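Read through the structure below, which is laid out as structure tokens, and then see the notes.
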Amino acid sequence: MDGIRLGFVGKSSTWNVLRGLVFPEHVLLRYVGNEEDCLGLDLVIVERYMADLVHCPRTLILSDLSVDGIIEAIIKGLRLNELNIGIDMGNSRCGVIILINELPVIHVTLGFIRLIRIIRRLSRQLTINLIIGTSPGVSSLVKDFLNSLSDVNIRIRVIDEGIVNGKKDMFKYRYPYLTLDELDGLIYAYAGLAMNVYE
């Protein structure tokens, strides 16, 4: 997959949230102003109040304007079967990277409870491969996280945080807008995909 072509119709505040979530190198975003703007797009996300005015071939109505709702709309609208998610676990902030195959498309920093909630929401729609970084400092948190998802159909790969050493500079150069937590999540994701083994 070379990238995703995503359209949007709605408020500028939602547009700004959407722009802050996606990897601009891999997700082409276009504000749809007329039917010609729909051409070549994989999906058009439309806020509910504009739904009657948009006649693009592949649209999804966005009713939940939260970060979680926007992420879920993108994933649901693309009709995927499987998703890879890299996670840098933290007490207050968790860096989350969502990849389609090996292509990073969404980056976000979430709190622990919100992360659990969004994994649960996404797991209803498709298979999720979680790749989680761990260290002695967060091992109990990782255990709590996995226990809270024990009833969810996910595949898990745990990566030692030592794997990120020496790799951050290369990824930070390529993706300078990522937070440090997101950067770690991306490195864990790629390391887990390279190992291709889940528990």
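Table for the structure above
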| item | result |
| --- | --- |
| Wholly within region 81-199, helices (runs of 4 or more DSSP H) carrying at least 1 residues that are open to solvent by less than 10 Å² (accessible area, probe 1.4 Å) | 112-123, 139-148, 180-195 |
| Matching residues in region 30-55 - criterion: being of a type in the set (A, V, I, L, M, F, W, C) and surrounded by 17 or more Cβ atoms within 10 Å (Cβ to Cβ) | Val32, Cys38, Leu41, Leu43, Val44, Ile45, Val46, Val54 |
| Count of residues meeting criterion [closer than 18 Å to Phe112 by Cα and touching a Cys at 6+ places or on another chain (Cβ under 8 Å)] in region 47-88 | 2 |
| The lone exception for Lys76 - which of (1) among the basic types (Lys, Arg); (2) out of contact with any strand residue (DSSP E or B) (no Cβ under 7 Å at 6 or more places or on another chain); (3) surrounded by 15 or more Cβ atoms within 10 Å (Cβ to Cβ) it fails | (2) |
| Filter result for the condition that a residue is of a type in the set (Gly, Ala, Ser), more than 12 Å from the chain's Cα centre (by Cα) and not assigned by the TED database to the domain that holds Leu141, over Ser92, Ser63 | Ser63 |
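The values are calculated or read from the model by the stated rules, or taken from the named source; none is laboratory data. The shown structure was predicted, so the numbers you read here are calculated from the model rather than taken from an experiment. Glycine also receives a Cβ, built like all others from the backbone with ideal geometry; neighbour counts cover every protein chain displayed. When the accessible area is computed, the model is the full protein with side chains, heavy atoms only, and any ligands, DNA or RNA have been set aside. Shrake-Rupley method; radii C 1.70, N 1.55, O 1.52, S 1.80 Å.
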